[in-house]
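J.: Questions regarding the structure given below will be posed in turn.
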Amino acid sequence: MSEQPRRARTSGKPYRRPKKDPVRILAFEALRAVDERDAYANLVLPPLLRKARENGDFDARDAALATELVYGTLRRQGTYDAVLASCVDRPLGEVDPPVLDVLSLGAHQLLGTRIPTHAAVSATVELARVVLGDGRAKFVNAVLRKVAQHDLDGWLERVAPPYDEDPEDHLSVVHSHPRWVVSALWDSLGGGRAGIEELLRADNDRPEVTLVARPGRATAEELLDEDAAVPGRWSPYAVRLTEGGEPGAIAAVRDGRAGVQDEGSQLVAIALAGAPLDGPDRRWLDGCAGPGGKAALLGALAAERGALLVASEKQTHRAGLVAKALDGNPGPYQVIAADGTRPAWRPGSFDRVLVDVPCTGLGALRRRPEARWRRRPEDLEGFAPLQRGLLRTALESVRVGGVVGYATCSPHLAETRAVVADVLKQHPDTDLVDARPLLPGVPDLGEGPDVQLWPHLHGTDAMYLALIRRTG
Ligand SMILES: C[S@@+](CC[C@H](N)C(=O)[O-])C[C@H]1O[C@@H](n2cnc3c(N)ncnc32)[C@H](O)[C@@H]1O
């Protein structure tokens, strides 16, 4: 299966502004933006949906269908490309990108939704007529009729290489992940076929919306009054909205007393705050704080102990987001815009330090449907020096006896254990702290002392955390 983006960057003819079927037209516009402008679906879609609702074109069901069409098409792109490649008589790279977007949308309706076959084909051909013109609509019709000849399982039998011949290629096509990502996730997860398949399947599910009730500011009980709200699985501050909904409409979220935060991120802050310390526990640092999710929880936990949180972030506009997230924090805090590898603070001046470093984000593929196709193995080399530099500085910033948390939202071993091992080799005055007892009740945390969370085992993003104590 191809690892490269299948689409050329230039689009074909401009399309006429359409009138009919606003749901599919909006889905097409969102896919074009993701494809042409490298936009993020989770940023492009909400304003398009808002506008459609304001214009009276959409109701809530339309918005749900448009979201499903865009996210599903992007997530399943690898599988659909394999199917389309066997229905089109030239390489997919030679198909005009807008045409390919319409074909993918059609393939998703046919193979990934319950939309009846005739409706999926006719609605997509109609979309093609409006946005591509009559000539190309005929081509779309011919291709989709071929796609409609089999269901998804039937196609996978035909286009996925047999598992026994090449397990990673097979999983790559069946579960729509680039082969190198399958390989990296499997290296980190270990085990046999069942586990990796569950993980890849979980990456293709829509994640639930999880809220955090920031301690001292809101309670989980209060959030449980919301529609279809249930307690979190692991974090005492978490509440899950099982039917999604609009978190922005919840008063506590609007006021910043609560926020939207994956439970994995909550567990990272909880474990760092809970690590046993001898001596003072007054000064905490979040060295990579933007946009401020973990800082807001750490700030609230620090406040319970009368500790100060310093939240530092390199990018000024993201430091602004951190300030917003911490606004109203019940205890003392400071937000600074600073490069975490050139600290603006004295060495050894903190009791607890978090560095949640920039990474490939391979642990949060559920949230960013296009991310898996954009990332390249070379990105790892780009992040490697920064990840090591930030961890080194964190170790220099903590006092003897203090604790550093090194976190990533990627389970890739090159971003997790390899970084920790390399840096600790140069810092013999450190010990790894077993993080597992700090997350009581959370199963399957690995062999320790670090912890790796997984979407299929914990329902969280695949967050990694190593806790390191400075001993001398
Ligand atoms: C994974 S994000 C942190 C997410 C954050 N902890 C949260 O929970 O909201 C990594 C952050 O590190 C910032 N960053 C990148 N290079 C940095 C540096 N040299 N020093 C400090 N922060 C940096 C990025 O701008 C980004 O905001």
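J.: Can you work out which of the residues in region 343-361 that are of a type outside the set (D, E) and out of contact with any helix residue (DSSP H, G or I) (no Cβ under 8 Å at 6 or more places or on another chain) is nearest to the ligand (Cβ to nearest atom)? If you could, list the steps in order and put the result at the bottom.
T.: As a first pass, look at region 343-361 and keep what is of a type outside the set (D, E): 343-350, 352-355, 357-361.
Of the ones still in play, those that are also out of contact with any helix residue (DSSP H, G or I) (no Cβ under 8 Å at 6 or more places or on another chain) are 344, 346.
Details: A344: 10, R346: 17 Å.
This residue is A344.
J.: Can you tell me which residue within region 362-371, out of those that are within 14 Å of the ligand (Cβ to nearest atom) and modelled with pLDDT under 95, is nearest to L453 (Cα to Cα)? Spell out the reasoning first.
T.: Of region 362-371, the ones within 14 Å of the ligand (Cβ to nearest atom) are 362-364, 367-368, 371.
Those left that are additionally modelled with pLDDT under 95: 367-368.
Details: R367: 16, R368: 18 Å.
For region 362-371, the residue satisfying everything is R367.
J.: Hey, another quick one. Going through region 328-341 one residue at a time, which ones are more than 11 Å from A300 (Cα to Cα) and either more than 8 Å from the ligand (Cβ to nearest atom) or modelled with pLDDT under 95 (or both)? Quick ask: steps written out before the conclusion?
T.: Of region 328-341, the ones more than 11 Å from A300 (Cα to Cα) are 334-341.
The answer is Q334, V335, I336, A337.
J.: Quick one: is A271 within 16 Å of the ligand (Cβ to nearest atom), over 21 Å from S397 (Cβ atoms), among the small types (G, A, S) and in contact (Cβ under 8 Å) with a residue 40 or more places away in the chain?
T.: On the way: within 16 Å of the ligand (Cβ to nearest atom): yes; over 21 Å from S397 (Cβ atoms): no; among the small types (G, A, S): yes; in contact (Cβ under 8 Å) with a residue 40 or more places away in the chain: yes.
Answer is no for this residue.
J.: Which condition breaks for R342 when tested against (1) within 27 Å of the chain's Cα centre (by Cα); (2) outside any strand (DSSP E or B); (3) among the basic types (K, R)?
T.: Of (1) within 27 Å of the chain's Cα centre (by Cα); (2) outside any strand (DSSP E or B); (3) among the basic types (K, R), only one is false for R342: (1).
J.: In region 346-362, which residues are crowded, with 18+ Cβ neighbours inside 10 Å and over 15 Å from the mean Cα position of the chain (by Cα)?
T.: Listed by number, the residues that qualify are F350, D351, R352, V353, L354, V355.
J.: Take G299 and tell me if it is under 16 Å from R217 (Cα atoms), part of a loop (DSSP other than H, G, I, E, B) and either over 21 Å from the mean Cα position of the chain (by Cα) or more than 13 Å from the ligand (Cβ to nearest atom) (or both).
T.: Working: under 16 Å from R217 (Cα atoms): yes; part of a loop (DSSP other than H, G, I, E, B): no; either over 21 Å from the mean Cα position of the chain (by Cα) or more than 13 Å from the ligand (Cβ to nearest atom) (or both): yes.
It is false that G299 is under 16 Å from R217 (Cα atoms), part of a loop (DSSP other than H, G, I, E, B) and either over 21 Å from the mean Cα position of the chain (by Cα) or more than 13 Å from the ligand (Cβ to nearest atom) (or both).
J.: While we're on this one: Taking region 276-296 as the region of interest, how many residues are out of contact with any Ser or Thr (no Cβ under 8 Å at 6 or more places or on another chain) and either more than 15 Å from the ligand (Cβ to nearest atom) or assigned to a helix (DSSP H, G or I) (or both)?
T.: Keep residues of region 276-296 that are out of contact with any Ser or Thr (no Cβ under 8 Å at 6 or more places or on another chain), which gives 276-282, 284, 290-292, 295-296.
Subset that is either more than 15 Å from the ligand (Cβ to nearest atom) or assigned to a helix (DSSP H, G or I) (or both): 276-282, 295-296.
Final tally of qualifying residues: 9.
J.: Now a separate question. Considering region 266-275 alone, what residues qualify as being in contact with a strand residue (DSSP E or B) (Cβ under 8 Å, 6 or more places away or on another chain) and in a helix (DSSP H, G or I)?
T.: We begin by selecting, within region 266-275, every residue in contact with a strand residue (DSSP E or B) (Cβ under 8 Å, 6 or more places away or on another chain); these are 266-269, 271-273, 275.
Within region 266-275, Q266, L267, V268, A269, A271, L272, A273 qualify.
J.: While we're looking at this one, here's another question. For the list (1) away from the ligand (no atom under 14 Å from the Cβ); (2) assigned to a helix (DSSP H, G or I); (3) in contact (Cβ under 8 Å) with a residue 24 or more places away in the chain, I need the number of the one condition that E381 fails.
T.: (3)
J.: Of the residues that make up region 368-379, is at least one crowded, with 16+ Cβ neighbours inside 10 Å and under 18 Å from V268 (Cβ atoms)? Step through it out loud before you land on a result.
T.: Quick first cut of region 368-379, residues crowded, with 16+ Cβ neighbours inside 10 Å only: 368-373, 375, 379.
Filter once more, keeping what is under 18 Å from V268 (Cβ atoms): none.
No, region 368-379 contains no residue that is crowded, with 16+ Cβ neighbours inside 10 Å and under 18 Å from V268 (Cβ atoms).
J.: Still on this model: Any idea which residue in region 246-268 is nearest to the ligand (Cβ to nearest atom), counting only those that are more than 18 Å from the chain's Cα centre (by Cα) and of a type outside the set (G, A, S)? So that I can check it myself, show each step before the final result.
T.: The initial filter retains those residues of region 246-268 that are more than 18 Å from the chain's Cα centre (by Cα), namely 246, 248-258.
Applying the additional criterion that residues be of a type outside the set (G, A, S) yields 246, 250, 253-255, 257.
Numbers: E246: 21, I250: 19, V253: 15, R254: 19, D255: 19, R257: 17 Å.
Among them, the one singled out is V253.
J.: Please work out if E243 is away from the ligand (no atom under 16 Å from the Cβ), part of a loop (DSSP other than H, G, I, E, B) and either under 29 Å from L457 (Cα atoms) or without any contact (Cβ under 8 Å) to a residue 12 or more places away in the chain (or both).
T.: yes
J.: What is the one condition in (1) outside any loop (DSSP other than H, G, I, E, B); (2) surrounded by fewer than 18 Cβ atoms within 10 Å (Cβ to Cβ) that V419 does not satisfy?
T.: (2)
The values are calculated or read from the model by the stated rules, or taken from the named source; none is laboratory data. All values reported here derive from a predicted model rather than from experimental measurement. Don't worry about glycine lacking a Cβ; one is built from the backbone with ideal geometry, like all the others, and counts go over all protein chains shown.
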